[in-house]
1. Can you tell me which residue in the range 90-122 is farthest from the chain's Cα centre (by Cα), limited to those that are within 12 Å of the ligand (Cβ to nearest atom) and open to solvent by 50 Å² or more (accessible area, probe 1.4 Å)?
2. Inside the range 75-85, can you point out the residues that are more than 13 Å from the chain's Cα centre (by Cα), open to solvent by less than 60 Å² (accessible area, probe 1.4 Å) and free of Cβ contacts under 8 Å to residues at least 60 places away in the same chain?
3. For residues that are crowded, with 21+ Cβ neighbours inside 10 Å, among the charged types (D, E, K, R) and in a helix (DSSP H, G or I), scanning just the range 208-258, find the one that is nearest to the ligand (Cβ to nearest atom).
4. Out of the range 123-146, which residues are assigned to a helix (DSSP H, G or I) and surrounded by 16 or more Cβ atoms within 10 Å (Cβ to Cβ)?
5. Going through Met123, Met154, Met160 one at a time, which residue ends up being touching a Gly at 6+ places or on another chain (Cβ under 8 Å) and hydrophobic (A, V, I, L, M, F, W, C)?
6. Just for the range 259-290: of the residues that are outside any helix (DSSP H, G or I) and of a type in the set (D, E, K, R), which one is most open to solvent (accessible area, probe 1.4 Å)?
7. Out of everything in the range 149-183 that is among the polar types (S, T, N, Q) and within 16 Å of the ligand (Cβ to nearest atom), what residue ends up being surrounded by the most Cβ atoms within 10 Å (Cβ to Cβ)?
8. Which of the residues spanning the range 186-220 are among the aromatic types (Phe, Trp, Tyr) and over 17 Å from the mean Cα position of the chain (by Cα)?
Amino acid sequence: MPEIDSEGKNYHQDIKQKSELFFLKGSNELGWGMKNRLSRIFNPRDGRTIMLAIDHGYFQGPTTGLERIDVNILPLVPYADTVMLTRGILRSTFAPSVTKPIVIRASGGPSILKELSNEEIAMDIEDSIRLNVCAMAIQIFIGGEYESRSVINMTKLVDMGTRYGIPTLAVTAVGKELTRDAKYFRLATRICAELGAHYVKTYYIDEGFETVTAACPVPIVIAGGKKRPELDALKMAYNAIQQGAAGVDMGRNIFQAESPVAMMKAVGAVVHENETPEKAFDLYNTLKSK
Ligand code: 5RP
């Protein structure tokens, strides 16, 4: 027989219940589940994230540095805020006891041997739920041959995710023939946000990146792109953050670095501690030599 509670008296009528605005740009009107998942991707302390991108195999096979994810990548995972990967790698290589938030690659189709913009949604929403993911990522090809299809696929993913509180990350992919400038990225990122993406991944550019982040009403994270010298990659991350990016979704510049763990920590210092690239590079070299 449960004890009968004699009603409490601690109603604290003098304390007004807090009603806080959500910390992420443009995300205040989202539902609780969406916000909770976004809060696992973006650190609520500073609104920023370090996503470790290791999904390259979905169109280009065993990329340099990703040949053995179990050996080379799992040791990096503790230093990332989030990992972006395919469901195949998640199930085959990550233990279910890894509690790191997952952003799942939800699009696919063509390989590097074909037209890359010819993508489709490549997983059911039910599988995203089964895998307990924090967001789903899909490529958008503005100006690409299959531009409309990629945009409509994104809107379908947004609709599916919205039913279950799972955010969508739109990844702006740039074909070789397109000019990577501020005008292009303002167009691409804004289309993603207007059509419902909860956050957008794009490339950093030296001229006018702050206009890209200003014109996009939801958070932007930058891709790392091709491997560059470590100091240059840290400068790029620093500039992007100072110009309004909410984080990085970096792959090759981390897992192809001479010391990937040191690079993860150095990028972490830039993103979460506002460390200068030069100081972060010193940290990288110190950690690398240990
Ligand atoms: C592939 C992707 C990758 O996740 C993205 O390119 C990030 O990796 P990198 O920093 O190596 O560019 O979205 O389409």
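1. Only one residue fits best here, namely Ile112.
2. Result: Val77, single match.
3. Arg252
4. First pass over the range 123-146, keeping only residues assigned to a helix (DSSP H, G or I): 125-130.
Of everything in the range 123-146, those that are assigned to a helix (DSSP H, G or I) and surrounded by 16 or more Cβ atoms within 10 Å (Cβ to Cβ) turn out to be Ile125, Ser128.
5. Values: Met123 fails: touching a Gly at 6+ places or on another chain (Cβ under 8 Å); Met160 fails: touching a Gly at 6+ places or on another chain (Cβ under 8 Å).
Sole residue among the options that is touching a Gly at 6+ places or on another chain (Cβ under 8 Å) and hydrophobic (A, V, I, L, M, F, W, C): Met154.
6. The qualifying residue most open to solvent (accessible area, probe 1.4 Å) is Lys290.
7. Thr168
8. Scanning the range 186-220 gives a single hit, Phe209.
The values are calculated or read from the model by the stated rules, or taken from the named source; none is laboratory data. None of these values were measured; they are calculated from a predicted model. As a convention, Cβ positions derive from the backbone with ideal geometry for all residues, glycine included, and neighbour counts pool all protein chains shown. Ligands, DNA and RNA are stripped out before the accessible areas are found, and what is left, the full protein with its side chains, is counted by its heavy atoms. Shrake-Rupley method; radii C 1.70, N 1.55, O 1.52, S 1.80 Å.
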